[in-house]
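Each reported figure results from applying straightforward, stated rules to the coordinates on display, with no laboratory input. Please read these numbers as outputs of a predicted model, since none were measured by experiment. Cβ sites come from the backbone with ideal geometry, for glycine too, and all protein chains shown count toward neighbours.
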Amino acid sequence: MSRILKMQTGRQFHHNKHQIDTLCQLPLEPMEYCRRWVTHSPGRNYRKTCINAIAQATGTSPKTVKDWGKDFCLRPKYITRILRQADLINQFKQLVAQGIINLPSGFPQE
């Protein structure tokens, strides 16, 4: 019975790994990134906050992000891949903060 369980667990691992690999290839548009990671705060300009979050995630300047247009539709195609990676990292950080995932000892802290 434990051998069957190990086989299922192994299959599940490979299935999950494949799902994550597939997800890494999917684009994430800037507006969707903002919907996921930028909170609406009264008295704060949501667009400006969103521009700053995208700039930080992509390593570009806020001016560059602003130049992509109202809905960021003029963004370079590669930006959607960077935002997907940033989204996955943010999700991972949340899981660590919630104690769902424990980092191994010796994992870089900075």
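In terms of other Cβ atoms within 10 Å, THR58, THR49 run from fewest to most in the order THR49, THR58.
Close Lys pairs in region 26-97, defined as Cα atoms under 20 Å apart and 8 or more places apart or on different chains, number 5.
Using 1/(1 + (r/R0)^6) with R0 = 35 angstrom and r between the beta carbons of ASP21 and LEU103, what's the FRET efficiency to the nearest 0.05? Let's see the in-between values first.
On the way: r = 21 Å, r/R0 = 0.61.
Rounded to the nearest 0.05, the efficiency is 0.95.
Taking the number of Cβ atoms within 10 Å of each Cβ as an exposure proxy, the fewest-first ranking of PHE72, PHE92, PHE107 is PHE107, PHE92, PHE72.
For region 26-97, averaging the sequence separation of C-alpha pairs within contact (under 8 Å, six or more residues apart) and dividing by the residue count gives a relative contact order of 38 percent.
The order of ILE82, ILE101, ILE54, going from fewest to most other C-beta atoms within 10 Å of their C-beta, is ILE101, ILE82, ILE54. Percent of Cα pairs in region 26-97 per distance bin of 5 Å, from zero to the largest separation: 3, 17, 29, 26, 15, 8, 2.
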